1. Could you give the length gained by full extension between MET92 and CYS173, i.e. 0.36 nm per residue of separation minus their alpha carbon distance, to one decimal place?
2. Taking the chain as the region of interest, what is the percent of Cα-Cα pairs per 5 angstrom bin, listed from the shortest bin to the one with the maximum distance?
3. Apply 1/(1 + (r/R0)^6) to the Cβ-Cβ distance of ALA24 and ASP71, taking R0 = 25 Å, and write down the FRET efficiency to the nearest 0.05.
4. Between MET222 and GLU272, how high is the FRET efficiency from 1/(1 + (r/R0)^6) when r is the Cβ-Cβ distance and R₀ = 41 Å? Nearest 0.05.
5. Find out how many positive minus negative residues lie around ARG243, taking Lys and Arg as positive, Asp and Glu as negative, among other residues whose Cβ is under 11 Å from that of ARG243.
6. How many percent of the alpha carbon pairs in the stretch 1-145 exceed a separation of 26 Å?
7. If each of VAL279 and GLU111 carries a label point 7 Å out from its Cα toward its Cβ, how far apart are those two points in nm?
8. Just need the Rg to Rh number for the stretch 177-258, please, alpha carbons only, Kirkwood Rh.
Amino acid sequence: MVMRSLDPDLLRTFMAVAEAPSFADAGQRLNKTQSTVSVQMRRLEEILQVPLFQKRGRKNELTTAGQELLDYAVRIVRLNDEAVGRFLRPAMSGRIRIGCPDDYAESYLPEIFGRFSRSFPTVEVSLECQSSDALLRLVDEGELDIALVTLVKPNNRARVVYREQLQWVAGTCCDAEKQSPLPLAVWQPGCGWRTLTMQALDGAGIPYRIAYSGTNAAALSMVVRQGLAVATMPLCMAGAGFRTLGRADGLPPLPSFDIGLVRGSDDNPIVEAFYDHVVECFDRLEPVAA
């Protein structure tokens with residue numbers, strides 16, 4: 001019996017299809033046509049001689065064999081990329097333009113940038129901190145190569161890399177939550193957290209006012225620590241000087257949200273390498289229950 005080989009490109013497409021609601025959506029993420037994705041998946045099924053997908057309404061869901069292959073695919077693709085990267089790293093240089101909200105820069109980027117810099121020390125990194133909506137526009141306009149953004153609703157262009165839980169916070173030595181209307185410290189329009197916060201308050205019928213708004217995480221955190229307003233942020237960011245609030249304080253429950261990674265359409269090996277570093281770093285974090 002002749003041993004067959006699995007092409008990492010087929011497996012990469014298979015992984016995208018497994019995450020996307022349809023072949024067309026997977027194709028958009030990979031910059032491939034739907035027909036190309038379909039042909040690649042048929043080829044993969046021919047190699048393995050098992051069906052990998054089953055129709056469920058309009059969706060293609062993984063069969064048992066497909067679920068089993070997904071585990072192998074992730075490992076094979078990562079090992080392939082690691083091996084290729086090991087030999088390409090010394091020659092890789094250039095510039096990458098990265099975007100993320102200001103609050104993510106302090107919480108998530110240190111490890112990501114550290115790992116990336118050690119792997120590609122000659123690559124110049126340009127960082128733009130704006131709201132998620134603004135970052136998505138900059139990627140569309142070709143002003144950014146890749147962006148880490150907050151997703152408050154599904155986005156077929158983004159790969160979800162992590163899920164976080166929003167939490168009400170206030171300063172440790174104040175009771176701003178007892179004021180009516182509730183004073184809020186929020187990010188500027190375009191921030192996903194701002195949208196989720198206002199939706200929760202509106203849904204609960206709680207009056208509020210925007211006391212402070214801005215784009216700088218350190219400044220808004222200072223406002224909350226000083227007892228001038230309450231805010232919402234992920235639990236991982238509520239450190240010293242904060243206390244968490246909830247139903248007992250008369251505040252409504254908050255939803256979780258997704259952190260997504262969006263890149264432009266250019267085929268750039270530097271962007272691909274950074275993309276992989278981001279995914280690996282978030283894979284190491286413990287997921288937060290929704």
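1. Details: separation 81, 0.36 × 81 = 29.16 nm, distance 5.08 nm.
Gain on stretching MET92 to CYS173: 24.1 nm.
2. For the chain, the pair-distance distribution reads 1, 5, 11, 14, 15, 14, 12, 10, 8, 6, 3, 1, 1, 0, 0, 0.
3. Computed FRET efficiency for ALA24 and ASP71: 0.50.
4. Efficiency computed from Cβ-Cβ geometry: 0.60.
5. So the surrounding residues net to -2.
6. It works out to 44 percent of all Cα pairs.
7. About 1.8 nm, to one decimal.
8. Working: Rg = 11.8 Å, Rh = 13.0 Å.
With Rh from the inverse mean 1/r over Cα pairs, Rg/Rh is 0.91.
All of the numbers you see were taken from the coordinates with simple rules; none came from a lab. Fair warning: this is a prediction, and the values are worked out from it, not measured in the lab. Virtual Cβ from ideal backbone geometry, glycine too; neighbours counted across all protein chains shown.
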